[in-house]
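> Below is the structure I would like to discuss, written out as structure tokens.
The values are calculated or read from the model by the stated rules, or taken from the named source; none is laboratory data. Fair warning: this is a prediction, and the values are worked out from it, not measured in the lab. Quick reminder, even Gly has a Cβ in these numbers, built from the backbone with ideal geometry, and neighbours come from all protein chains shown.
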């Protein structure tokens, strides 16, 4: 329980605040370009497609596809003893946006690359919400 | 074109898993060995390039602790530099490109390139220092252990293997080749340690599909090279001609610059910090069809007598984790015909260093690039 407090806390900037505020509300929030409509990864200060700075937060569906998966066998994360399932996912609305999440329930096990998943957020004892795999299928 | 630029010599320190000697001792051993190999006095060195960043999760990034920069090397060696640079989070291949640019511009005549690695005591090398906060890009990855023990490469390997029907047997083929090649490399950390299939398959998993022996061994060690224009080659030195270089965003630029194609390669040294990484650019350069790299290695095409000898010095998996310097050194030795019992057909030697989403490339050759008069001033030095 105590060690859970040590899971790294995101130190946010103006660019990443919408993502983490959305996470606290259980929603996947990305910035959508007001010029060309593309969604940007949380760290990007401008639209990666047209480089416009005019953007607004958008709540996404949480639908993602499984891009990569590993089972970590090292004590890598305080409060989360191994084995630890780590996945990388492409956001359905913009597959160029890749997000990392834990899969504590092993939902991704035996699924192939590209499988549809639903991303959610789970709040830890440190008060921070982190991305998790919440379900399989569209 | 590269304008007639060569690597004139290469040096290696001892390579060991732990040491009471500090990183600077390894760095200077390698630098002196490179100068000796290039038949050059240190007073002739007027350029320097390094890439000192320690990439392991637990690094304290301490100068002369687990990193060593231009300033320390120049000070400790009494170098008088007209130009020098340390490249941030870059690779030996980028060091070669940077030195080539400085030499082509005429900024300096003899560049020392150096990369040292060190395993500092009391640190958890793989899993990091347990920082309570994640800044910048880390906030999207570190709370998920994505940067630990090559998790991100393992995740990519899983998808590749699932998509193309490869398994642990195909990963073992990579590690097996590395260990057998390392047996012919007197500097390799695993030179006297063959690895049989059963031991490999039974080793503890690290980040699936990677097990313990799919990860290169962190070491204390350093390697260094000397580069110059061909006209400034010291008498008695063995030149490998730099015929091309490029970054991964434009890999075709390597072939355009060199006038070569992947079919011309006599050997390839491909970065293998984790075993699955060697597949990336076999596929990426079209040497194998998409997904064909695992079978290429498994079926013997990458053996020293195969279609394209691969990581003939044992790779990082066999030699130790020198972050691509070993790959560059082997390409130099192969191109100059000095690889001893490891020597394969002389010809264009490819070096690739870095992960799939951030690599760079160098091509070394036994002869001058086409259209460039071979000028080796045997009287200088």
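> Kindly provide the set of residues from the range B:14-50 that are over 18 Å from residue B:187 (Cβ atoms) and part of a strand (DSSP E or B), ordered by number.
Hits for the range B:14-50 are B:47, B:48, B:49, B:50.
> Contact list please: Cβ distance under 9 Å, first residue in the range B:160-174 and more than 14 Å from residue B:292 (Cβ to Cβ), second residue surrounded by fewer than 18 Cβ atoms within 10 Å (Cβ to Cβ), pairs at least six apart or on different chains.
B:162/A:112; B:162/A:113; B:168/B:201; B:169/B:197; B:169/B:201; B:172/B:197; B:172/B:201
> Another question, if that's okay. Please work out which one of (1) out of contact with any helix residue (DSSP H, G or I) (no Cβ under 8 Å at 6 or more places or on another chain); (2) free of Cβ contacts under 8 Å to residues at least 60 places away in the same chain; (3) closer than 21 Å to residue A:122 by Cα; (4) crowded, with 18+ Cβ neighbours inside 10 Å is the condition residue A:87 fails and give its number.
For residue A:87, the failing item is (1).
> Answer yes or no as to whether residue B:109 is surrounded by fewer than 23 Cβ atoms within 10 Å (Cβ to Cβ), touching a strand residue (DSSP E or B) at 6+ places or on another chain (Cβ under 8 Å), at pLDDT 95 or above and over 30 Å from residue B:21 (Cβ atoms).
On the way: surrounded by fewer than 23 Cβ atoms within 10 Å (Cβ to Cβ): yes; touching a strand residue (DSSP E or B) at 6+ places or on another chain (Cβ under 8 Å): yes; at pLDDT 95 or above: yes; over 30 Å from residue B:21 (Cβ atoms): yes.
So residue B:109 passes the test.
> Condition first: within 14 Å of chain A (Cβ to nearest Cβ), out of contact with any strand residue (DSSP E or B) (no Cβ under 6 Å at 6 or more places or on another chain), surrounded by fewer than 22 Cβ atoms within 10 Å (Cβ to Cβ) and not in a helix (DSSP H, G or I). Can you find one or more residues in the range B:63-74 that meet it?
We begin by selecting, within the range B:63-74, every residue within 14 Å of chain A (Cβ to nearest Cβ); these are none.
Checking the range B:63-74: not a single residue is within 14 Å of chain A (Cβ to nearest Cβ), out of contact with any strand residue (DSSP E or B) (no Cβ under 6 Å at 6 or more places or on another chain), surrounded by fewer than 22 Cβ atoms within 10 Å (Cβ to Cβ) and not in a helix (DSSP H, G or I).
> I've got another one for you. Quick one: count up the residues across the range B:145-203 that are more than 14 Å from chain A (Cβ to nearest Cβ), part of a helix (DSSP H, G or I) and under 18 Å from the mean Cα position of the chain (by Cα).
Counting residues in the range B:145-203 that are more than 14 Å from chain A (Cβ to nearest Cβ), part of a helix (DSSP H, G or I) and under 18 Å from the mean Cα position of the chain (by Cα) gives 7.
> Quick one: residue A:46 ticks every box in (1) out of contact with any helix residue (DSSP H, G or I) (no Cβ under 9 Å at 6 or more places or on another chain); (2) under 29 Å from residue B:211 (Cα atoms); (3) surrounded by 15 or more Cβ atoms within 10 Å (Cβ to Cβ); (4) without any contact (Cβ under 8 Å) to a residue 24 or more places away in the chain bar one, so which box is it?
Only one criterion in (1) out of contact with any helix residue (DSSP H, G or I) (no Cβ under 9 Å at 6 or more places or on another chain); (2) under 29 Å from residue B:211 (Cα atoms); (3) surrounded by 15 or more Cβ atoms within 10 Å (Cβ to Cβ); (4) without any contact (Cβ under 8 Å) to a residue 24 or more places away in the chain is unmet by residue A:46, namely (2).
> Which residue, of A:51, A:14, A:99, A:30, is in a strand (DSSP E or B), more than 10 Å from chain B (Cβ to nearest Cβ) and either touching a helix residue (DSSP H, G or I) at 6+ places or on another chain (Cβ under 8 Å) or without any contact (Cβ under 8 Å) to a residue 12 or more places away in the chain (or both)? Before the answer, list the steps.
Values: A:51 fails: in a strand (DSSP E or B); A:14 fails: in a strand (DSSP E or B); A:99 fails: more than 10 Å from chain B (Cβ to nearest Cβ).
So the residue among A:51, A:14, A:99, A:30 that is in a strand (DSSP E or B), more than 10 Å from chain B (Cβ to nearest Cβ) and either touching a helix residue (DSSP H, G or I) at 6+ places or on another chain (Cβ under 8 Å) or without any contact (Cβ under 8 Å) to a residue 12 or more places away in the chain (or both) is A:30.
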